[in-house]
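Engineer: This structure is in structure tokens; I'll ask about it shortly.
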Amino acid sequence: MPANVLAVLTAPDVGGRTSEPFRFVDPDGAVLQVRDLAATRGDGVFETMGVGAGRAQAVDAHLARLARSAAMLELPEPDEAAWRAATVAVAERLAEHAEAFVKLVYTRGVEGTGRPTGWVLGSPSPDHAAARTTGIDVVVLDRGLAHDSAAELPWLLQGAKTLSYAVNMAALREAKRRGADDALFVSSDGFLLEGPTSNLLLRRGDRLLTPATSLGILAGTTQAEAFEFGRAQGLTVAYEVLTREALDEADALWLLSSVRNAAPVRAVDGVARPVDAEFTARLNAHLLARRA
């Protein structure tokens, strides 16, 4: 069974369509040129989606978000058909893995060429069983921007899933230094945002809540699916502007992402929080079974 599968798109944008949209290559071979702006400046966007039984999950939602992120960076419009074909083909080669993921990367390409670069890498998923069941400890970190800065500062690309993830990774390292598993960003004026690689979900009574995407956070595909699940359970769902105090008032908290799925938060800044194991198990079962 393959450990990694790599497909390189021959024409990742609509302007360069070809009869062969992608080709499989050796994932351990030399593929990326050192002058590619992905490597030199992090100038590109990406998506990561789960794979179950050889089928990529939430493909439509992820491809739509890839296009939105590309537009925010003024990248050429991605060729949806080519990306879909490569994604499906890579996922199919991972069918023997119980859980896997595919990562789509779209860059501005080699500097000076004007031709974008794209590839889809598939790999088996790490074991997230502990995070999904016993939960995770989270620390709250200040992102350093006011909650309403996204509209005023569009060049910061808030809400785009870009390759420039150094700050996100630094936040995760800081969480580890503080003895936690993950982090949750708040704005400089005290409003809840998102995790470095996740969205926040809260339950308060019969309501599921998540911070509003107007705050410059990434619209979550897994969060959207969690809302669909909540509606089917008779819960009310809403995007809201939430203060830090909402964490203390919530009946349960989760961080949501495409590969880890729903990780219940068992502590915030060292203070224990209730974990709804039964709801979490049903939510994760739903997320693991989702399809395109």
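Engineer: Going by what's in this entry, would VAL45 be described as closer than 29 Å to LEU288 by Cβ, β-branched (Val, Ile, Thr) and in contact (Cβ under 8 Å) with a residue 60 or more places away in the chain?
Structural biologist: Details: closer than 29 Å to LEU288 by Cβ: yes; β-branched (Val, Ile, Thr): yes; in contact (Cβ under 8 Å) with a residue 60 or more places away in the chain: yes.
Against the criterion (closer than 29 Å to LEU288 by Cβ, β-branched (Val, Ile, Thr) and in contact (Cβ under 8 Å) with a residue 60 or more places away in the chain), VAL45 qualifies.
Engineer: Restricting to the stretch 110-144, name every residue that is part of a loop (DSSP other than H, G, I, E, B) and within 30 Å of PHE191 (Cβ to Cβ). I'd like the intermediate steps shown before the answer.
Structural biologist: Our first condition is that a residue be part of a loop (DSSP other than H, G, I, E, B); within the stretch 110-144, this holds for 111-116, 125-128, 134-135, 143-144.
Passing the criteria: HIS128, THR134, GLY135, ARG143, GLY144.
Engineer: With surrounded by 14 or more Cβ atoms within 10 Å (Cβ to Cβ), touching a residue at least 24 places away in the same chain (Cβ under 8 Å), in a strand (DSSP E or B) and among the aliphatic types (A, V, I, L, M) as the only criterion, which of LEU247, LEU255 stands out? Don't jump to the end; show me each part of the working.
Structural biologist: Numbers: LEU247 fails: in a strand (DSSP E or B).
Result of the check over LEU247, LEU255: LEU255.
Engineer: ILE217 fails exactly one of the following numbered conditions: (1) within 25 Å of PHE46 (Cβ to Cβ); (2) outside any loop (DSSP other than H, G, I, E, B); (3) of a type outside the set (Lys, Arg). What is the number of that condition?
Structural biologist: If we test ILE217 against (1) within 25 Å of PHE46 (Cβ to Cβ); (2) outside any loop (DSSP other than H, G, I, E, B); (3) of a type outside the set (Lys, Arg), just (2) comes out false.
Engineer: Given the residues GLU174, GLU111, which is the only one that is of a type in the set (Asp, Glu), surrounded by 13 or more Cβ atoms within 10 Å (Cβ to Cβ), in the same structural domain as ALA56 (by TED's automatic domain parsing) and touching a residue at least 12 places away in the same chain (Cβ under 8 Å)? Spell out how you get there, then give the answer.
Structural biologist: Working: GLU174 fails: in the same structural domain as ALA56 (by TED's automatic domain parsing).
Checking each option against the conditions leaves just GLU111.
Engineer: Just one of (1) farther than 17 Å from ASP43 by Cβ; (2) outside any loop (DSSP other than H, G, I, E, B); (3) in contact with a Pro (Cβ under 6 Å, 6 or more places away or on another chain) trips up ALA70, so point out which.
Structural biologist: (1)
Engineer: Taking ARG203 as meeting all but one of (1) assigned to a loop (DSSP other than H, G, I, E, B); (2) touching a residue at least 40 places away in the same chain (Cβ under 8 Å), write down the number of the exception.
Structural biologist: Tallying (1) assigned to a loop (DSSP other than H, G, I, E, B); (2) touching a residue at least 40 places away in the same chain (Cβ under 8 Å), ARG203 fails exactly one: (1).
The values are calculated or read from the model by the stated rules, or taken from the named source; none is laboratory data. In this text, all values refer to a predicted model and were calculated from it rather than measured experimentally. Using ideal geometry, Cβ is built from the backbone for each residue, glycine included, and neighbour counts are taken over all protein chains shown.
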